[in-house]
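See below for the structure under consideration.
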Amino acid sequence: MGSEANLIDKLSRIVGAERIRTDPEHLEEVCWDALSASRIHPLKRPETASPLCVVLPRSTAEVREIVQLANDEKVPMVPYGGGSGLMGGAITLRPGIVLDTRAMNRVLEIDKEAFTVRAQTGVVLESLENRLNQDDLMLGHDPWTLPVATVGGAISTNSLGYRGGKYGSMGDEVLGLEVVIPNGEILTTRAVPKSSTGISLNRLFIGGEGCFGVITEATLRVFPLPEARSLRAVRFTSFEAGFEAIQRIYGLGLRPSLMDFGDDPTKVLSGAVLYIGFEGPKPVVKAEENCALSVSEKAGGRQLPQEEAETFWRDRHVIARRFKENRLQRRAGRRGGVRWEWLHVALPTSRVLEFRKVAMEVLAERGIALQESGLWTQPELFSMRLAVEGREDERAQVRLEDALEDLLRLTQRMGGSMEYCHGVGIKLAPLMAEEHGYGLEVMRQIKKALDPNNIMNPGKMGL
């Protein structure tokens, strides 16, 4: 207890006692993220812990002092953003410091000529979007977690959003970063779109889940608000017919800003629905829309009422707003007698239908229900929603998680990647060696070189 009080006293000298939290309610909120306990394999659950304290810095200088102190004291540290991660990347595994970045929420500079914004990484994405809109600009990144996720969290998982087909992932929008690495040094990269002066150090932190340093500022590429936007919903008689149309649309060089395709039975009794949208100058949007609809019609697609597409777009952040209202619901997961799981994999386009067919056979053999299969933002990015009866039966969860892992390994054998959107955290850590081979050892050596005391988000990503 004495060493803990001594640590908190030293932290108070850096940020002031008013920006340190030790009350159980606050510790409970930030020791976990949006990965529910019902989505962790029962036989592979790591030990978790309560943080010693939560610290809310407001500047890079304060972060530097906090990191130096943690390194000197060999105290673990978990960088924390919006807490909306789905893989356990922000779960506290060892008692230590939670570095809550949400007080670092300033938009520092908007360059309308260069189409860039520089911001602290605790800024919530929706707040940044609203600020940019005042200057007729927007983020290209529009995830379902927009009202909750922070700039730093989105970079750290290289997350993907609804506009990803046109603007790419969050990592694609990063031009420059300011990062405090574990020894307390400040690393700043040049905020330009292209450089041939060595490897890109930005990429060490994009998708790094806070294991290599704390991102404190980011310079991002932003975009003009579109002059026009087209949204359409098209129903196909089968998944295969819709997939063929999507391949042709992308094969023509079209890049929809929105592409969401799936066979969710709550939206269509049979077949599959494609939500597709284009943004930009009016003549370009109209031409792209006409071309995509023509391809869809030739593949047997039929347009649904316009309200269907508008409702989809309007409601895309509803789940995140519910999460924001009750963060602690995340641990228990969904209520009722069903366990749920999600699969998001990247595959060569030529293997998607083959993968889907084999996956459906695997699930049928295991007694796992396939609730939906679909694509998001581009034809290579394939998803499934799985379910099994038996919410109170741990054997059902083992069966579900074993089936999921088998499908992830099938993805890897087919030349794909086991995740395209949410990161690794603790949930996918056991499969990192199969994902990267010797590449995981390379990551571990980089981690060891930068963080020899292993203070920075230890236990994540299989590092």
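Quick check on the exposure proxy: order 26, 344 from fewest to most C-beta atoms within 10 angstrom.
Least to most surrounded, the residues fall as 26, 344.
What is the distance, in nm, between label points placed 7 Å from the Cα along the Cα-to-Cβ direction at residue 438 and at residue 313?
4.9 nm
Between residue 302 and residue 412, 0.36 nm times their residue separation minus their Cα-Cα distance comes to what?
This chain segment gains 36.1 nm when fully extended.
When the Kirkwood radius is taken over all Cα pairs of region 158-272, what Stokes-Einstein diffusion coefficient follows at 20 °C and 1.002 mPa s, in µm²/s?
Roughly 124 µm²/s, to the nearest whole number.
What do you get for the angle between helix 239-251 and the principal long axis of the chain? Use alpha-carbon atoms, 0 to 90 degrees, nearest ten.
Long axis of 239-251 versus the principal axis of the chain: about 80 degrees.
So what does the Cα-only Debye profile of region 228-316 read at q = 0.14, 0.16, 0.25 Å⁻¹, as log10 I(q)/I(0), no solvent term?
Values, matching the q order: -0.43, -0.56, -1.35.
Once label points are set 7 Å from the Cα along Cα→Cβ at both residue 325 and residue 103, what is their separation, rounded to one decimal in nm?
Going by the 7 Å Cα→Cβ label model, 3.0 nm.
Give me the mean projected area, in nm² to one decimal, of the convex hull enclosing the Cα positions of region 105-224.
Reported value for the Cα convex hull: 7.1 nm².
Going by how many other Cβ atoms sit within 10 Å of their own, how do 78, 54, 284, 318 line up, fewest first?
Final ranking by Cβ density, sparse to dense: 318, 284, 54, 78.
How do 341, 394 line up, fewest other C-beta atoms within 10 Å first?
By the 10 Å Cβ count, ascending: 394, 341.
Could you state the per residue volume, in Å³, of the convex hull enclosing the Cα atoms of the chain?
So the per-residue Cα hull volume is 150 Å³.
Using just the helices of the chain, give the 222 nm mean residue ellipticity in deg cm²/dmol: DSSP H runs with n ≥ 4 each add -39,500 (n - 2.57), and the total is spread over all residues, rounded to 500.
-10500 deg cm²/dmol
Test of understanding: what is the full-extension gain from residue 127 to residue 17, defined as 0.36 nm times their sequence separation minus their Cα-Cα distance?
36.9 nm
Any number yet on Rg/Rh for region 2-102, C-alpha, Kirkwood?
0.98
Among 204, 144, 179, whose Cα projects farthest towards the positive end of the dipole of region 105-224, with charges put on the beta-carbon of Lys, Arg (+1) and Asp, Glu (-1)?
Selected residue: 204.
Could you give the dipole magnitude of the chain about its Cα centre, charging the beta-carbon of Lys and Arg +1 and that of Asp and Glu -1, in debye to the nearest 20?
240 debye
With equal scatterers on the alpha carbons only and no solvent term, can you work out the Debye log10 of I(q)/I(0) for region 259-398 at 0.15, 0.19, 0.21 1/Å?
For the requested q values the scattering log ratios are -0.97, -1.34, -1.46.
Report, to the nearest 10°, how far helix 438-450 tilts away from the longest principal axis of the Cα atoms in the chain, using its own Cα long axis and a range of 0 to 90°.
Computed tilt is about 30 degrees.
Coordinate-derived values only; no laboratory data. Keep in mind the model is a prediction, meaning the values are calculated, not measured. Cβ sites come from the backbone with ideal geometry, for glycine too, and all protein chains shown count toward neighbours.
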